[in-house]
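Have a look at the structure below before the remarks.
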């Protein structure tokens, strides 16, 4: 058992035993969805996050260095700039190119690049790599007006969805999807364990789409919870877990308020939550809109209690906030959400001792 795995197990066991206890390890986090200034590690963005008590960041990196992997020098500069301001570069989001690749030598080369990126992440102290298997683009097809003149992005399953053209990856059956997932996990999770970096899968957005939608039988359809359980079981390891987007998971549920809690509890109790996206929605399966965290379907206070009691120790990040022309980059919306998350953490911890 490695250092972070051992420490996390001890804390989770202590918090999970007996009466609930305070959880000082969970924290608000910021990521690539909201960046002030020239970049995520820029002085402007670091100060923006620090103003709201955010000291943990998730960067998004593309392949740039020779051989297609991440640029280690860039990663070191990013880490050093963060550390100078007392901020931790906690996680990195990798791209989703692999899932579109059919069995061929190119797929093995892609996995070699990913394994190399895991090694580089460990060299700069990154704890988590997040990823999002998007064989077809994230789907939104409507906008509605919200409070204060904001715009909510939304989705409604089209009556003619069978007529939509396939994505650029072409036809991907459920068997294809799961073969690619299994091939990835069996080769990459051992590398993650070797370098003590956790791999966090984000569900497809939205889950629950009918098979064949734009040519894909998405891995988290028809049941997002069953798919998460299946994904986690492909390679049973403390390094195979999830970046659980609460809003995304809710988009695949008929009753998000009630049905999201067993998902959070299941993954939390198994130590498989490596990041939370705190997004709220109105609606649910096949018809929803993304709203502010305080006005949607879900009870985030109940979610936060589960995170407290299961020893969750990573970032809780705002995600997909409403937009307004007077708020470029949605910086105001994200600031509101940072405060909301901080208040929830304080509130659930104030209920318990120790």
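The values are calculated or read from the model by the stated rules, or taken from the named source; none is laboratory data. Keep in mind it's a predicted model, so treat the numbers as computed, not measured. So basically every Cβ, Gly included, is an ideal-geometry build from the backbone, and we count neighbours across all protein chains shown.
Rundown of residues vs (1) modelled with pLDDT under 95; (2) part of a loop (DSSP other than H, G, I, E, B); (3) in contact with a strand residue (DSSP E or B) (Cβ under 9 Å, 6 or more places away or on another chain); (4) under 20 Å from residue 199 (Cα atoms), yes/no style:
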| position | (1), (2), (3), (4) |
| --- | --- |
| 12 | yes, no, no, yes |
| 18 | yes, yes, no, no |
| 25 | no, yes, no, yes |
| 57 | no, no, yes, yes |
| 67 | yes, no, no, no |
| 78 | no, no, yes, no |
| 90 | no, no, yes, yes |
For this session: Considering only residues that are part of a strand (DSSP E or B) and surrounded by 23 or more Cβ atoms within 10 Å (Cβ to Cβ), look in region 27-47 and name the one that is farthest from the chain's Cα centre (by Cα).
Result: 28
Exercise. Which residues, taken from region 155-203, are part of a loop (DSSP other than H, G, I, E, B), over 26 Å from residue 119 (Cα atoms) and touching a residue at least 40 places away in the same chain (Cβ under 8 Å)?
Worked result: 157, 164, 165, 166, 167, 168, 169, 170, 171, 173
For this session: Sort out which residues of region 24-63 are without any contact (Cβ under 8 Å) to a residue 24 or more places away in the chain and touching a helix residue (DSSP H, G or I) at 6+ places or on another chain (Cβ under 6 Å), and write them in order of number.
Result: 37
Exercise. Can you name the number of the only condition in (1) surrounded by fewer than 19 Cβ atoms within 10 Å (Cβ to Cβ); (2) in contact with a helix residue (DSSP H, G or I) (Cβ under 6 Å, 6 or more places away or on another chain) that residue 346 fails?
Worked result: (2)
Problem set entry | Single unsatisfied condition, residue 313 versus (1) under 25 Å from residue 47 (Cα atoms); (2) within 19 Å of the chain's Cα centre (by Cα); (3) outside any loop (DSSP other than H, G, I, E, B) | (3)
Problem set entry | residue 292 being more than 19 Å from residue 93 (Cα to Cα), modelled with pLDDT of 95 or more and touching a strand residue (DSSP E or B) at 6+ places or on another chain (Cβ under 9 Å) | yes
